[in-house]
Amino acid sequence: MNAASAIREGFRAVSRQPALLLSEIAWRWSFAGAACLLIALTGLEYLGSLTVSQADLLLLRTRHPALVARAISDIFRDSGARLAEGTVIVVLALLVFWIAAASVGELVTLRALLPGVVPRQMLRSKTSGPKTFRSLLGINFLRASLAFAAVLAGFSGMVLAGLIDPTNSEDLSIAANLFLVIVMIVWLLWSGLNWLLTLAIVSGEDTFGSISGAVDLLRRSSSAITGVSGFFAFVHAFAFLLAGTAFFGVIGVTTQISHRAAALLLLIIALAYFAFVDFLHIVRLAAYAAIAQSDPQIPTAFAAPEFPLFSESQPAN
């Protein structure tokens, strides 16, 4: 199957199951809302633990920049350990929550893309169903660990660049370039490996078998996979530019409309962009599944002799 056929099959699969987009939005936006709520509650709890003395209040009321800075320094003194502990707990909780939510959401999505396949597997064997879910848990654990490692690598690059003397303009320029190079390398490695793990969702039977299946699928159908990925990357970039243009366009006319109207328009633009990105993700996943299904030598945990959701003209394997 070539890239154009896979893209058509992806759009056709999602158009036949419009609830896929709603389910994808449901779990992704529910996680985002819960994460924002958890971060906000943690921030409020941290701020509530700070001690503000009468002297600090007097300094704040002066509104003098130097005195206000002194008061803020006194308030936040010796609170770094509590902030670090809270941050670690929140990050670990969000990672665990995301792994579970992503695994459940992707399992539901794949069962909808391949109707009846996973239920039949569960009926045939008492272990095949849980094994499928465990493979998704393993893949998403690797994705979360990869993202966490990328963030740590970015902060390490910032620390490394900070070791350079900032008083020298030439050294400061070197530090900035070094940080940008490190961030670019980290981003390229993360995006490539995360893309491979995304492809592994429709390949193989267990976690490492899925990764091996993704490599085989990429090796055997490299032109189709790269064509599909390039198409959706282009559409995503175009949508990002369009949303960014609309976003800054609304900001540019804030003096002519009310702040509430501007905030509402910005919220609508953001929600529309994220919904469209979720739609692209579902269609891309369906296109990958179509490519994997068309190759009889690629084992897929979610594949069956027929792909009911795809076009009837596609030959059965």
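Brief remarks on what is shown
- The single condition among (1) loosely packed, with under 14 Cβ neighbours inside 10 Å; (2) touching a residue at least 24 places away in the same chain (Cβ under 8 Å); (3) not β-branched (Val, Ile, Thr) that residue 35 does not satisfy is (1).
- Residue in the stretch 110-124 that is modelled with pLDDT of 80 or more, surrounded by 13 or more Cβ atoms within 10 Å (Cβ to Cβ) and of a type in the set (A, V, I, L, M) present: no
- One residue from 160, 142 being modelled with pLDDT of 90 or more and either more than 14 Å from the chain's Cα centre (by Cα) or open to solvent by less than 80 Å² (accessible area, probe 1.4 Å) (or both): 142
- Boolean, residue 266 is farther than 15 Å from residue 285 by Cα, among the hydrophobic types (A, V, I, L, M, F, W, C) and open to solvent by less than 70 Å² (accessible area, probe 1.4 Å): yes
- Only a single criterion out of (1) at pLDDT 85 or above; (2) under 30 Å from residue 291 (Cβ atoms); (3) open to solvent by less than 50 Å² (accessible area, probe 1.4 Å) is not satisfied by residue 12, namely (3).
- Flag if residue 76 is at pLDDT 90 or above and either on the phi < 0 side of the Ramachandran plot or surrounded by fewer than 16 Cβ atoms within 10 Å (Cβ to Cβ) (or both): no
- Lone qualifier among 218, 193, 199 - being touching a helix residue (DSSP H, G or I) at 6+ places or on another chain (Cβ under 6 Å), over 13 Å from residue 136 (Cβ atoms) and without any contact (Cβ under 8 Å) to a residue 24 or more places away in the chain: 218
- Condition met for residue 249 (at pLDDT 85 or above, within 30 Å of residue 263 (Cα to Cα) and either in contact with a Gly (Cβ under 8 Å, 6 or more places away or on another chain) or open to solvent by less than 50 Å² (accessible area, probe 1.4 Å) (or both)): yes
- For residue 257: the one exception among (1) outside any loop (DSSP other than H, G, I, E, B); (2) touching a Leu at 6+ places or on another chain (Cβ under 9 Å): (1)
- Residue among 91, 52 that is closer than 27 Å to residue 151 by Cβ and either touching a strand residue (DSSP E or B) at 6+ places or on another chain (Cβ under 7 Å) or exposed (fewer than 14 other Cβ atoms within 10 Å of the Cβ) (or both): 91
- Every residue from the stretch 195-234 that is closer than 27 Å to residue 154 by Cβ and open to solvent by less than 30 Å² (accessible area, probe 1.4 Å): 197, 198, 199, 200, 201, 207, 214, 229, 232
- Members of the stretch 15-56 found to be modelled with pLDDT of 85 or more, among the small types (Gly, Ala, Ser) and either farther than 30 Å from residue 289 by Cβ or part of a loop (DSSP other than H, G, I, E, B) (or both), listed by number: 40, 43
- The lone exception for residue 238 - which of (1) free of Cβ contacts under 8 Å to residues at least 40 places away in the same chain; (2) closer than 24 Å to residue 9 by Cα; (3) surrounded by 14 or more Cβ atoms within 10 Å (Cβ to Cβ) it fails: (3)
- Condition met for residue 247 (under 30 Å from residue 112 (Cα atoms), assigned to a helix (DSSP H, G or I) and among the aromatic types (Phe, Trp, Tyr)): no
The values are calculated or read from the model by the stated rules, or taken from the named source; none is laboratory data. Quick caveat: nothing in here was measured; it's all calculated off a predicted structure. Don't worry about glycine lacking a Cβ; one is built from the backbone with ideal geometry, like all the others, and counts go over all protein chains shown. All accessible areas refer to the heavy atoms of the entire protein, side chains included, with ligands and DNA or RNA removed. Shrake-Rupley method; radii C 1.70, N 1.55, O 1.52, S 1.80 Å.
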